[in-house]
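Engineer: Submitted below is the structure of interest, expressed as structure tokens.
Readers should treat all values here as calculations from the given coordinates under stated rules, not as data from a laboratory. Bear in mind that the values here come from a model prediction, so they are computed numbers and not experimental data. Cβ atoms come from the backbone with ideal geometry, glycine included; neighbour counts cover every protein chain shown.
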Amino acid sequence: MPMHDLDNAATVEVLNRIMEAELAGVVLYTHYSLMITGPNRIPIVQFMKGQANESLMHAQQVGELLTGLDGHPSLRIASLDETHKHSIRDILTESLAHEQRATSLYKELLHVVEDASVYLEEFARSMIGQEEIHQLELKKMLRDYGG
């Protein structure tokens, strides 16, 4: 399939929404890491802290892409709702929903950059793969909670 010109404005717009979602993930996973209780607390807290750190790293990567495309990284974070549900099952279920939203955004990026930028295509595919792995992990963690 022939390459076409990158739609810079559309790419920057999607990247900014991804950055906002990843920054929201930093807040979300940090909050969850503080709210975990019970006998499985320590490994789940470590998992949540790792997710928060990875979200920050992803936001930084996306920000570099944005500035490389002459975009201006957003200072906003995606909307977050405080559900006041802090059972491990609720937290894992909400985490899974967050990962699914992130996957959708990266798939949107892939659609915008497909056949226009090999680098951005590969970045989007790599991020989709990472998000899908997180979803598999969360689904495995939810098995003990009937999820």
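Engineer: If Asn53 satisfies every condition in (1) surrounded by fewer than 19 Cβ atoms within 10 Å (Cβ to Cβ); (2) more than 12 Å from the chain's Cα centre (by Cα) but one, which is the exception?
Structural biologist: The one condition Asn53 does not meet is (2).
Engineer: Mind checking which pairs have a first residue in segment 68-84 that is surrounded by 10 or more Cβ atoms within 10 Å (Cβ to Cβ) and a second that is among the hydroxyl-bearing types (Ser, Thr, Tyr), Cβ under 9 Å, 6 or more apart or different chains?
Structural biologist: Leu69/Thr11; Gly71/Thr11; Pro73/Thr67
Engineer: Scan segment 33-50 for residues that are of a type outside the set (A, V, I, L, M) and surrounded by fewer than 19 Cβ atoms within 10 Å (Cβ to Cβ) and jot them down.
Structural biologist: Across segment 33-50, the qualifying residues are Thr37, Gly38, Pro39, Asn40, Arg41, Pro43, Gln46, Lys49, Gly50.
Engineer: Additional query: Filtering segment 3-23 down to residues that are in contact (Cβ under 8 Å) with a residue 60 or more places away in the chain and among the small types (Gly, Ala, Ser), which residue is surrounded by the most Cβ atoms within 10 Å (Cβ to Cβ)?
Structural biologist: Filtering first and then ranking leaves Ala21.
Engineer: Regarding Leu105, is this residue touching a Ser or Thr at 6+ places or on another chain (Cβ under 6 Å), closer than 24 Å to Asp81 by Cβ, crowded, with 16+ Cβ neighbours inside 10 Å and aliphatic (A, V, I, L, M)?
Structural biologist: Spelling it out, it is not the case that Leu105 is touching a Ser or Thr at 6+ places or on another chain (Cβ under 6 Å), closer than 24 Å to Asp81 by Cβ, crowded, with 16+ Cβ neighbours inside 10 Å and aliphatic (A, V, I, L, M).
Engineer: Let me ask something additional. Of all residues in segment 85-102, which are over 18 Å from Ile128 (Cα atoms), surrounded by fewer than 16 Cβ atoms within 10 Å (Cβ to Cβ) and polar (S, T, N, Q)?
Structural biologist: Ser87
Engineer: Give the residues of segment 56-96 that are of a type in the set (S, T, N, Q), within 16 Å of the chain's Cα centre (by Cα) and over 16 Å from Asn16 (Cβ atoms), sorted by residue number.
Structural biologist: Listed by number, the residues that qualify are Thr93, Ser95.
Engineer: Hey, does segment 123-131 have a residue that's under 15 Å from Ile18 (Cβ atoms), buried (at least 19 other Cβ atoms within 10 Å of the Cβ) and of a type in the set (D, E, K, R)?
Structural biologist: So far as segment 123-131 goes, yes, one or more of its residues are under 15 Å from Ile18 (Cβ atoms), buried (at least 19 other Cβ atoms within 10 Å of the Cβ) and of a type in the set (D, E, K, R).
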